[in-house]
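For reference, the structure is listed below as structure tokens.
The values are calculated or read from the model by the stated rules, or taken from the named source; none is laboratory data. These numbers were taken from a predicted model, which means no experiment stands behind them. Glycine also receives a Cβ, built like all others from the backbone with ideal geometry; neighbour counts cover every protein chain displayed. Side chains are part of the model used for accessible areas, which takes the heavy atoms of the whole protein and leaves out ligands, DNA and RNA. Shrake-Rupley method; radii C 1.70, N 1.55, O 1.52, S 1.80 Å.
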Amino acid sequence: MKPVYVINGFLDSGKTDFFRYTINQPYFRTKGLTLLIVCEEGEDEYDEKLLKSTNTVKVVIEDEADFTPAKLMSFENKYNPERVLIEYNGMWDFRNFHLPKPWKLEQQITVVDASTFTMYFTNMKSQLAEHLRNSDLILFNRCDGIEDLATYKRNVKAINQKADIIFEDMNGEVDVTLDEDLPFDLNADPIELNSYGYGMFYLDALDHVDRYKGKNVRFKGMVLKPKEFDDNYFVPGRMAMTCCAQDMQFLGLMCEYDKATELKEKQWVTVTAAVEKRFVKEYNGEGPVLRAISVEPTTEPENAVIDFSNPQ
């Protein structure tokens, strides 16, 4: 299978700069030919000397209708590349992105111009979400002078919880911490989580479980009981709207509870639990697990669905 590396983002977000830098690095060199498929050409272009020195052939697809597995296979047959780089057009619908069978998507990267992120997130949220949803790496560049990068990170994590997120300014990578921006008191015992607070806790705990290890939390959640779980586990959580009403997902954490068999699917409960750090195969490593202190039946909250665009 031929490895394919895809970079997407809106025009002039820095996609070309990223690929130009990457293919010129010694660690990215390869003996075989690299096929570079460019689907939009902005102000920056690829220098012919760079392409020649890195054994890279550039082809251009100008129309979205031409980006088909058959068209891509014609490049495969003509060039027989060792790997493929695709600079995808940010205005094309990524749901129509399909590769030919001999090609395998190795990594998807989204590049975001931090200086225009708020504009796109406000006015083109659905399209931006398609860029971000399945990316392995999300790179925010041009972060100079932007103070509220923590909000950017929360917005992106609400859409894609698994992606690595990097912020860069002209001096390099920027460290973004969320402690001071969390909508609850980390020093409270237990930490009281309202609807929005639970959503922020969930997203932050996946990345920074050590921040919560040994602390107690309390929240209202809906019960899910996955069949593959042992009898003494269930999953309390909330439905969340990350982009639009059609884009909903359940945010829940494993919870150990010795009376879990007495709970009913989709029952609402108030959970008070200790946060522990354990190995979980679903995390492919260590992550947050709740150990119930008390689980009490309750009524469905007024704001049952977390709306990340409307903190409450």
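Quick check: from the Cα gyration tensor, does segment 1-101 come out rounded (a/c under 1.5), prolate or oblate?
Since a/c reaches 1.5 but b/c is at least a/b, the shape of segment 1-101 is classed as oblate.
When all alpha-carbon pairs of segment 72-226 are counted, what percent fall beyond 27 Å?
Cα-Cα pairs in segment 72-226 separated by more than 27 Å: 39 percent.
Under the definition of Cα pairs under 8 Å and six or more residues apart, what whole-number percent is the relative contact order of segment 266-312?
The normalised contact order for segment 266-312 reaches 40 percent.
Checking the table Lys162/Lys213; Lys104/Lys277; Lys2/Lys31 against a 25 Å threshold on Cα-Cα, which pairs fail?
Too far apart for the 25 Å limit: Lys104/Lys277.
Work out Dmax and Rg for segment 184-303 from the C-alpha atoms and quote the Rg first, both in angstrom.
Considering segment 184-303 through its Cα atoms, Rg and Dmax are 13.5, 37 Å.
Over 25 Å between Cα atoms, which of Lys157/Lys220; Lys153/Lys225; Lys15/Lys58; Lys215/Lys264; Lys15/Lys49 qualify?
Violating the 25 Å limit, Cα to Cα: Lys153/Lys225; Lys215/Lys264.
For Cα pairs less than 8 Å apart in space and 6+ apart in sequence, what is the mean separation divided by the residue count of the chain, i.e. the relative contact order in percent?
Reported as a whole number, the value is 14 percent.
Of the beta bridges DSSP finds with both residues in segment 122-255, what % are antiparallel, to the nearest 5?
65 percent
Can you pull the percent of the chain's accessible area that's carbon plus sulfur, 1.4 Å probe, other chains left in place?
Taking all protein chains in place, the chain shows 46 percent carbon and sulfur surface.
Per residue, how many Å² of accessible area does segment 40-120 show with a 1.4 Å probe?
Per residue, segment 40-120 has an accessible area of 55 Å².
How much of the DSSP beta bridge set in the chain is antiparallel, as a percent to the nearest 5?
Roughly 45 percent of the DSSP beta bridges within the chain come out antiparallel.
At 37 °C and a viscosity of 0.692 mPa s, what translational diffusion coefficient does Stokes-Einstein give for segment 110-194, taking Rh as the Kirkwood radius over Cα pairs? Give it in µm²/s as a whole number.
236 µm²/s
In segment 1-56, how does Rg compare with the Kirkwood Rh, expressed as the Rg/Rh ratio over alpha carbon atoms?
Using Cα coordinates only, the ratio equals 0.94.
Please compute P(r) over all alpha-carbon pairs of segment 45-125, binned at 10 Å starting from zero, and give each bin as a whole-number percent.
13, 41, 33, 12, 1
What is the diffusion coefficient of the chain in µm²/s, taking the Kirkwood radius over Cα pairs and the Stokes-Einstein relation at 10 °C with a viscosity of 1.306 mPa s?
Rounded, D is 73 µm²/s.
Based on the Kirkwood radius over alpha-carbon pairs, what value in µm²/s does the Stokes-Einstein equation return for the translational diffusion coefficient of segment 139-235 at 10 °C and 1.306 mPa s?
Result for D is 103 µm²/s.
Rank Tyr120, Cys143, Asn155 by how far each Cα sits towards the positive end of the charge dipole of segment 117-160 (+1 on Lys, Arg Cβ; -1 on Asp, Glu Cβ) and give me just the farthest.
Among Tyr120, Cys143, Asn155, the one farthest towards the positive end of the dipole of segment 117-160 is Asn155.
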